[in-house]
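The values are calculated or read from the model by the stated rules, or taken from the named source; none is laboratory data. Keep in mind that this is a model prediction, so the values were computed, not measured. FYI the Cβ positions are ideal-geometry reconstructions off the backbone, even for glycines, and counts take in every protein chain you see.
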Amino acid sequence: MNSPLLRLQAVSKSFGGLAAVQGVSLDLPAGSVSALIGPNGAGKTTLFALISGFIVPDSGRIAFDGSDITGTPPHVMARRGMTRTFQIVQPFAAQTVRENIAVGAHLRHARRSDALEEAELVAQRVGLAPQLDKPAGDLTVAGRKRLELARALATQPRLLLLDEVLAGLNPQEVAEMLPVVRSLADGGVTVLMIEHVMQAVMHLASHVWVLAQGQLIAAGTPVEVTREPAVVEAYLGHGTAARLAAKGDA
Amino acid sequence: MKGTLSPRRDLLQVVIFLLAVGMVAAFAKSGVVLNFTMMALYGCLMAQSWNLLGGYGGQFSFGHALFFGTGAYVQAIAQLQWGLNPWIALPLAVGIAAAVGLFVGALSFRYGLKGSYFALVTLAFAEVFRILALSVPFTGAGVGLMVPLREGAANMQFADRRGYVLLVLGLVGMGLLLTTWLRHSRFGAWLQAVRDNEDAARAIGVNAFRVKLGAIGLSGALMGAAGAFYVQVFQYIDPGIAYGPHTSVEALVAAIVGGLGTLWGPILGAIVLHLLADLTRNLFGALPGINMIIYGVVLILIVMFSPRGLLGIGQSVRRLWKRESGRE
Amino acid sequence: MFAFGILFPAILNGLTTGAVYALVALGLTLIYGVLHIINFAHGAALMMALYGVYFLKQALGLDPYLALLPMVAVMFVGGYALQRLVINRASHGKDENILLVTLGLSIVLENVALLAFKSDTRTIETPYTLATVTVGPAMIAVPKLVAFGGALLAAAALIAIVRFTDLGRAIRAVAREKQGARLVGIDVDHVYAMSFGIGLATLGAAACFLLPAYYVNPQVGNGFVLVAFTIVVLGGMGSFAGALVGGLLIGVVESLGGLWFGESLGQVGIFLLFIAVLLFRPQGLFGAKA
């Protein structure tokens, strides 16, 4: 893979004097599962919003598959093959699971019957088939997360931005969700996930970026990154890395 | 709970409804029944219009009279000043009302107006048009416009109420077909997605702006048809009737009372409201403003006790029955 | 058209009218700022208050300015009850429901008034109705001058309550962070009802100042509702200073607009301004950016 599927160059965004994202650059190779981690308030979701077009960066460029997409609106991005999910799940509560997923499928299918059929297939892929005719509002948190995933999947994305898809799930539910995410990548979808659940990051991601206070402070494999002192400091506070190292020596 | 997956059931219901009412129109002898049917259907048309934008689109307009009045004035002016036949004026009235909808929608949605802000803007626009109509000579200013009596089907004026009933039934039928199409089409899926969660919809490829614009255009068209119909029946229009709050309120309350976002909600709501209004008129005589009081009270009660409207109550009852008979 | 002798009285008249507009808008902005609802029933409530003042004068011979205290009290209690018993119950927590309920209330109130009082326009006669005061080239009606002063006083009182009393502190807390306020033991429902009550109480005061210089009929609320909304949005939702300045500004705009374009078109100007503000600067002149 020569050119990256997604390339960010010095992307920055401030809100009223507060720098949410500062000069972030990264190259995301196609076909990978990567993770974006960092302490709360680091700017991860803002970065997702910038990439997917919900917010326009103050400076910097974003390229998707070689073309500049800086500032392109979300619905156009979806058509081009990039879809995002939301940290706080947003189901179309009054509609059934099938109808929810069908909205995503309609991006590629104009006919209602085709979209509904596709919705059923996607539901089976993520394990929601038994709930197809339930109102989305009746699903559990885990179910809603799967729905969020399914809806995005129905748009046949090339790049899927998953925002904390495992948040709020108990260990059993996390264990059940991991293979679903893994199967996405196996199906050829490039995945970039914001995650706090380290187990998932270690298991799934081949590449990790660490964001703290709007800046990229580390990049590499999961093992490399979790060992870096700067990353430990970002999560556990100033001086922790040294303290831990000292303990290790003692 | 949404309807079936295929439009067949909806279409069947629509056909049955049209046939049934058509029979009433054809065979009823009583002028009272015919008059009630006509006015109720006219209410259905307005409720359907509001339901399109408010129920399926989730945008609550408090100034729907804007489209009603525009349709009405175009229908009148087209005949009086451009010498057009009313059957030709009708699509013109519908089209221009839709255009006004697109204009208001483009402004409002471009700048992200939602909820109360959108309601306020529609109210303001209706008021602006009302004052303009009051001040400008070619709408007849305060005196209004009168369409001369010239009976004949070719002139869309019917000596027998029957003709009007069939006319408005046709318009309501078109509204029903439009709504059915919406319920089973990509546009409808997109529209309801935007209603339920605009950001999520955008993220999966829905052009929210265009979809909302389409909704307000269609809604404006139906309401404009209602306005044109009014002019044909009553042969008179003035700024107060055209752009005043009465039609805005009637459309809104009927749609909500019946059940937003459903095929039959607007029909049910309009019929119930008209029944109520007639009942009150029989009990208390023709008191000024009594209709509106009823509408207001019903609105408050429905919002308090059954925000999903009468059809919503029906659904709760059905679910209750299913559970009790062990069928859930 | 631009001569000082014509402009000055127009501006002065605009200011006095604007002050009363501001008073009406203050209640609306308080309700929005705290409850985050747009009270569509505000105009109808003003209309009821005007009828209240009217009948107090006709039946009991009570001078409008003396009726201030009872009117404010009655409107406050009415507002408190309305919010606690009707609006709160009907809202189920959803904004759109509140929108519809206040709309419903406004329809009911306006048409009950139509039924009870017919659509006649009524005015009252007081010894000072026709008295005027000369300020330079302008002759200002005394009632309007009193209205101006009264509105400013009432606004000051309102601002003082919110700034300096315990209730005011509770109101500010609830306005900013409802859940947090609840957690520290503030009775949010009570604060909501108090705010709504105060909002309607200002209408009671406004009615007392308005009637001597104005009139009442069942539709009078409509004219005020949209103007009040315009002011609230222009001044910034929830900003008292904004409502005051906005009110005065709108009063002057309306007066000058009426002078140059005729009365009805002058009104159109206000609504177009309203639409423009909603579209291009919804946070208003003084509001914080959303």
Practice prompt. Return the total of residues in the range B:286-307 being more than 19 Å from C:L85 (Cα to Cα) and polar (S, T, N, Q).
Written response: 1
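Among residues belonging to the range C:242-290 that are of a type in the set (D, E, K, R) and in a helix (DSSP H, G or I), point out the one that is modelled with the highest pLDDT. So that I can check it myself, show each step before the final result.
Within the range C:242-290, the first condition is being of a type in the set (D, E, K, R), and the residues that meet it are C:254, C:263, C:281, C:289.
In the following step, the residues that additionally are in a helix (DSSP H, G or I) were identified as C:254, C:263.
On the way: C:E254: 85, C:E263: 74.
Among those residues, the one meeting the criterion is C:E254.
Considering only residues of the range C:196-222 that are of a type in the set (G, A, S), within 11 Å of the chain's Cα centre (by Cα) and within 27 Å of C:V268 (Cβ to Cβ), which is nearest to the other protein chains (Cβ to nearest Cβ)?
C:G221
Yes/no matrix, rows are residues, columns are (1) in contact with a helix residue (DSSP H, G or I) (Cβ under 6 Å, 6 or more places away or on another chain); (2) of a type in the set (V, I, T); (3) modelled with pLDDT of 95 or more:
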{"position": "A:S32", "(1), (2), (3)": "no, no, no"}
{"position": "A:P39", "(1), (2), (3)": "yes, no, no"}
{"position": "A:A42", "(1), (2), (3)": "no, no, no"}
{"position": "A:G71", "(1), (2), (3)": "no, no, no"}
{"position": "A:I88", "(1), (2), (3)": "no, yes, no"}
{"position": "A:V103", "(1), (2), (3)": "yes, yes, yes"}
{"position": "A:R112", "(1), (2), (3)": "no, no, no"}
Worksheet item: What residue, of C:Y54, C:Y80, is under 23 Å from C:P127 (Cα atoms), among the aromatic types (F, W, Y) and surrounded by 20 or more Cβ atoms within 10 Å (Cβ to Cβ)?
Response: C:Y54
Discussion item. Need pairs with beta-carbon distance below 7 Å; first residue on the phi > 0 side of the Ramachandran plot and within the range B:184-205, second β-branched (V, I, T); sequence gap 6+ or separate chains.
Written reply: B:G205/A:T155
Worksheet item: A:D27 fails exactly one of the following numbered conditions: (1) surrounded by 15 or more Cβ atoms within 10 Å (Cβ to Cβ); (2) under 17 Å from the mean Cα position of the chain (by Cα). What is the number of that condition?
Response: (1)
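Can you tell me which of B:L169, B:L182 is within 15 Å of B:V233 (Cα to Cα) and more than 9 Å from chain A (Cβ to nearest Cβ)? Working first, answer last.
Details: B:L182 fails: within 15 Å of B:V233 (Cα to Cα).
So the residue among B:L169, B:L182 that is within 15 Å of B:V233 (Cα to Cα) and more than 9 Å from chain A (Cβ to nearest Cβ) is B:L169.
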Worksheet item: How many residues does the range C:74-97 hold that are more than 8 Å from every other protein chain (Cβ to nearest Cβ), of a type in the set (A, V, I, L, M, F, W, C) and in contact with a Phe, Trp or Tyr (Cβ under 9 Å, 6 or more places away or on another chain)?
Response: 2
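What tally of residues in the range B:3-37 results from selecting those that are over 22 Å from B:G188 (Cα atoms) and not in a helix (DSSP H, G or I)?
Number satisfying all stated conditions: 3.
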Item to complete: Could you check how many residues of the range C:1-42 are in contact with a helix residue (DSSP H, G or I) (Cβ under 9 Å, 6 or more places away or on another chain) and either among the aliphatic types (A, V, I, L, M) or not in a helix (DSSP H, G or I) (or both)?
Response: 25
Discussion item. Quick test of your reading of the structure: A:L107 fulfils all but one of (1) part of a loop (DSSP other than H, G, I, E, B); (2) at pLDDT below 90; (3) not acidic (D, E). Name the failing condition by number.
Written reply: (2)
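Kindly indicate whether any position in the range B:240-254 is more than 14 Å from every other protein chain (Cβ to nearest Cβ) and more than 12 Å from the chain's Cα centre (by Cα).
Pass one, the range B:240-254, residues more than 14 Å from every other protein chain (Cβ to nearest Cβ): B:241-242.
Filter once more, so that each one left must be more than 12 Å from the chain's Cα centre (by Cα): B:241-242.
Yes - at least one qualifying residue is present in the range B:240-254.
Here's the yes/no breakdown for (1) of a type in the set (A, V, I, L, M, F, W, C); (2) in a helix (DSSP H, G or I):
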| site | (1), (2) |
| --- | --- |
| A:V174 | yes, yes |
| A:V181 | yes, yes |
| A:G188 | no, no |
| A:V208 | yes, no |
Item to complete: Mind listing whichever residues of the range B:1-34 are surrounded by fewer than 12 Cβ atoms within 10 Å (Cβ to Cβ), within 14 Å of chain A (Cβ to nearest Cβ) and at pLDDT 90 or above?
Response: B:R8
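Just one of A:E148, A:E176 is out of contact with any strand residue (DSSP E or B) (no Cβ under 7 Å at 6 or more places or on another chain) and more than 10 Å from chain B (Cβ to nearest Cβ); which is it?
Working: A:E148 fails: more than 10 Å from chain B (Cβ to nearest Cβ).
Matching residue, one of A:E148, A:E176: A:E176.
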Discussion item. Considering only the range A:81-88, I want to know if a residue exists there that is more than 19 Å from B:Q192 (Cβ to Cβ), more than 8 Å from chain B (Cβ to nearest Cβ) and in contact with a Gly (Cβ under 7 Å, 6 or more places away or on another chain).
Written reply: no
Worksheet item: List the pairs whose first member sits in the range C:101-125 and is within 7 Å of another protein chain (Cβ to nearest Cβ) and closer than 11 Å to B:M292 by Cβ, whose second member is hydroxyl-bearing (S, T, Y) and crowded, with 16+ Cβ neighbours inside 10 Å, and whose Cβ atoms are under 7 Å apart, counting only residues at least 6 apart or on separate chains?
Response: C:I107/B:Y295
Discussion item. Restricting to the range C:134-162, give me the number of residues that are in contact with a Phe, Trp or Tyr (Cβ under 9 Å, 6 or more places away or on another chain) and farther than 29 Å from C:T123 by Cα.
Written reply: 2
Fill in: Residue that is surrounded by fewer than 16 Cβ atoms within 10 Å (Cβ to Cβ) and under 25 Å from A:F54 (Cα atoms), where the choices are A:Q199, A:Q156, A:Q213
A:Q213
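In the set B:T122, B:T70, which member is of a type in the set (S, T, N, Q), within 14 Å of chain C (Cβ to nearest Cβ) and in a helix (DSSP H, G or I)? Before the answer, list the steps.
Working: B:T70 fails: within 14 Å of chain C (Cβ to nearest Cβ).
Exactly one residue qualifies, and that residue is B:T122.
Within the range C:179-204, how many residues are more than 29 Å from C:L68 (Cβ to Cβ) and not charged (D, E, K, R)?
So in the range C:179-204, the residues more than 29 Å from C:L68 (Cβ to Cβ) come out as C:179-186, C:188.
From the residues that got through so far, the ones that are not charged (D, E, K, R) too are C:179-181, C:183-186, C:188.
Matching residues across the range C:179-204 total 8.
Considering only residues of the range B:276-310 that are at positive phi and in contact with a helix residue (DSSP H, G or I) (Cβ under 7 Å, 6 or more places away or on another chain), which is farthest from the other protein chains (Cβ to nearest Cβ)? Outline the logic, then answer.
Of the residues in the range B:276-310, the ones at positive phi are B:285, B:289, B:309.
Filter once more, keeping what is in contact with a helix residue (DSSP H, G or I) (Cβ under 7 Å, 6 or more places away or on another chain): B:289, B:309.
Details: B:G289: 4, B:G309: 11 Å.
For the range B:276-310, the residue satisfying everything is B:G309.
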Worksheet item: Name the residues in the range C:130-155 that are more than 17 Å from C:A207 (Cα to Cα) and without any contact (Cβ under 8 Å) to a residue 60 or more places away in the chain, would you?
Response: C:L130, C:A131, C:T132, C:V133, C:T134
